[in-house]
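The next block holds one structure in the form of structure tokens; read it before the comments.
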Amino acid sequence: MFIGEALIGDGDELAHVDLLIGEKDGPVGNAFANGLSQLSVGHTPLLSVIRPNLMTKPATIIIPKVTVGDLEDASKIFGPAQTAVGRAVADCVEEGIIPKDKVEDWVINASVFISPAAEDYRKIYQYNYAATKLAIKRALKGYPDIDKVLYEKDRGTHAIMGFKAIKLYEPPYLQVALDLDNLEVMERIIKQLPNRERILLEAGTPLVKKFGVGVVGKIRELAPSGFIIADLKTLDVGRVEVKMAADETADAVAISGLGTIESIEKAIHECQKQGIYSILDMMNVDDFTKKLKKLNKEYLPDIVLLHRNVDLESKLRAEGKNLDDVSAWGNIKEIKKITGGLVAVAGGVTPEKAPEAFEKGADIIIAGRYIIGSGDPRRAAEDFLAQMPVDPNHMRVVMEDDEQI
């Protein structure tokens, strides 16, 4: 069995074709026969013909994806779309894409999208011809391979979604801690921040305590494509709190490292279940490496948050410790070895201190007062962003022709 998909064109005439290619006596052949014999209202499969009385080979059925409501809709399927699919299949045989000796052994099931608003028959034909041919090529070549899927999965943006789902796959990032108790100030600051994917928005603990976890939803209204962190510092009933934040579309939840191992693992498990990032906040935890090593390896946090300890370096120096990998936030590299995840640092982070954090391995720097207390939040944020690479490429869309030639 071969599986292929392609989207071609734009506007109301856009074509999207999904198809299966396989043996007549296999599962694709069974689906082919069932499609022609078990009809459903508005989605009646039809044989693809190049013209009346000339079906294409391999035999191909078209299954309308959108309900055919009247004769006008039916004409688009039975006319330009049916011909386009039929000719595309025949041309694939003529060009050697489909082996000629397989035309009597294989069948093709093609699901075809035709918008009820489509009007231009020429475009319907042209787009569906191109989409069918491309889907067949992709199916028989096994496109995309798994390496392509894994590389693109967090870089692509679906054209119809209307927003970008951000994954933290290319650090560093700047996390803006909205430690506020005023929604109007929060809104003003968010609107003034640069529109950059390297900026993460934190619903600070004061906001959550005063307005509830629903404040995450308010931030989402202001930043539909933003990466939003709910700083819950949850200590207990973490599963409930994590679900509440996820229901408000939080991308990550901060869990207190002071909690018991059981409560931390339950909260991280819920983050995994909800498909969001878990952040383990190590504020006031005496030995965070020891705490991390106690966690089940299945429930390690995605991000460990370290707070600046101004006495740490002098203490370690007095003990004669090697400080090559130690920052004022601790040994970031050691933390990464334990978790395999990201490390965020907080506590008096300024643009002047950012290079030290990056040098020691920090993936996320958290800035609060420097930005939210500034008269110009945009400029303050750009002071940090100036030290970071350009944004990751999340602008790829589904229509791009990205096969290698």
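The values are calculated or read from the model by the stated rules, or taken from the named source; none is laboratory data. The model shown is predicted, which means the values in this text are computed figures rather than measured ones. A quick note on method: Cβ atoms are made from the backbone with ideal geometry, for glycine too, and the neighbour counts reach across all protein chains shown. In case anyone asks, the SASA skips ligands and DNA or RNA and just uses the protein heavy atoms, side chains included. Shrake-Rupley method; radii C 1.70, N 1.55, O 1.52, S 1.80 Å.
For region 149-178, how many residues are under 20 Å from residue 253 (Cβ atoms) and open to solvent by less than 50 Å² (accessible area, probe 1.4 Å)?
The total comes to 10.
Could you go through region 345-353 and let me know if any residue there is over 21 Å from residue 191 (Cβ atoms), open to solvent by 20 Å² or more (accessible area, probe 1.4 Å), in a helix (DSSP H, G or I) and modelled with pLDDT of 80 or more.
Taking region 345-353 as the starting set, the residues that turn out to be over 21 Å from residue 191 (Cβ atoms) are 345-353.
Now restrict to residues that are open to solvent by 20 Å² or more (accessible area, probe 1.4 Å): 347-348, 350, 352-353.
Then drop every residue that is not in a helix (DSSP H, G or I), which leaves none.
Within region 345-353, none of the residues are over 21 Å from residue 191 (Cβ atoms), open to solvent by 20 Å² or more (accessible area, probe 1.4 Å), in a helix (DSSP H, G or I) and modelled with pLDDT of 80 or more.
Any idea how many residues of region 203-228 are open to solvent by less than 10 Å² (accessible area, probe 1.4 Å), out of contact with any helix residue (DSSP H, G or I) (no Cβ under 8 Å at 6 or more places or on another chain) and either hydroxyl-bearing (Ser, Thr, Tyr) or not in a loop (DSSP other than H, G, I, E, B) (or both)?
1
Looking at region 3-38, which of its residues are aliphatic (A, V, I, L, M) and under 26 Å from residue 121 (Cα atoms)?
The answer is 6, 7, 8, 14, 15, 17, 19, 20, 36.
How about region 373-405: which of its residues are surrounded by 13 or more Cβ atoms within 10 Å (Cβ to Cβ) and either modelled with pLDDT of 95 or more or on the phi > 0 side of the Ramachandran plot (or both)?
The answer is 377, 378, 380, 381, 382, 383, 384, 385.
Of everything in region 42-91 that's charged (D, E, K, R), touching a helix residue (DSSP H, G or I) at 6+ places or on another chain (Cβ under 8 Å) and outside any helix (DSSP H, G or I), which residue is farthest from residue 105 (Cα to Cα)?
Per the stated criteria, the residue is 51.
When both residues are 6+ apart or on different chains and their Cβ atoms are under 6 Å apart, which pairs have a first residue that lies in region 205-225 and is in contact (Cβ under 8 Å) with a residue 40 or more places away in the chain, and a second that is of a type in the set (A, V, I, L, M, F, W, C) and open to solvent by less than 20 Å² (accessible area, probe 1.4 Å)?
219/201; 219/203; 219/228
Would you mind finding the one in 10, 18, 25, 70 that is within 19 Å of residue 99 (Cβ to Cβ), among the charged types (D, E, K, R) and open to solvent by 30 Å² or more (accessible area, probe 1.4 Å)? It would help to see each step written out before you state the result.
Values: 10 fails: within 19 Å of residue 99 (Cβ to Cβ); 18 fails: within 19 Å of residue 99 (Cβ to Cβ); 70 fails: within 19 Å of residue 99 (Cβ to Cβ).
Answer to the check: 25.
For region 146-153, indicate whether the set of residues that are over 27 Å from the mean Cα position of the chain (by Cα), assigned to a helix (DSSP H, G or I) and of a type in the set (Val, Ile, Thr) is non-empty.
The answer is no, given that none of the residues of region 146-153 is over 27 Å from the mean Cα position of the chain (by Cα), assigned to a helix (DSSP H, G or I) and of a type in the set (Val, Ile, Thr).
Could you tell me whether any residue of region 179-191 is closer than 18 Å to residue 276 by Cβ and open to solvent by less than 10 Å² (accessible area, probe 1.4 Å)?
Checked against the condition, which is being closer than 18 Å to residue 276 by Cβ and open to solvent by less than 10 Å² (accessible area, probe 1.4 Å), region 179-191 yields no hits at all.
Name every residue in region 229-258 that is over 21 Å from the mean Cα position of the chain (by Cα), hydrophobic (A, V, I, L, M, F, W, C) and outside any helix (DSSP H, G or I), in order of residue number.
Correct list: 232, 235, 237, 255, 258.
How about region 237-257: which of its residues are touching a residue at least 40 places away in the same chain (Cβ under 8 Å) and closer than 18 Å to residue 176 by Cβ?
250, 251, 252, 254
In region 259-272, is there at least one residue being at pLDDT below 95, open to solvent by less than 50 Å² (accessible area, probe 1.4 Å), in a loop (DSSP other than H, G, I, E, B) and touching an Asp or Glu at 6+ places or on another chain (Cβ under 9 Å)?
yes
Say whether the condition of being open to solvent by 50 Å² or more (accessible area, probe 1.4 Å), under 22 Å from residue 21 (Cα atoms), among the β-branched types (Val, Ile, Thr) and assigned to a helix (DSSP H, G or I) is met by at least one residue in region 112-135.
no
Looking for something of a type in the set (Gly, Ala, Ser), within 24 Å of residue 9 (Cα to Cα) and touching a Pro at 6+ places or on another chain (Cβ under 9 Å) - is there at least one such residue anywhere in region 88-105? Talk me through it step by step, then tell me what you get.
Here is the first cut: in region 88-105, the ones of a type in the set (Gly, Ala, Ser) are 88, 90, 96.
Then drop every residue that is not within 24 Å of residue 9 (Cα to Cα), which leaves 88, 90.
When the remaining residues are screened for being touching a Pro at 6+ places or on another chain (Cβ under 9 Å), the result is none.
No, every residue in region 88-105 fails to be of a type in the set (Gly, Ala, Ser), within 24 Å of residue 9 (Cα to Cα) and touching a Pro at 6+ places or on another chain (Cβ under 9 Å).
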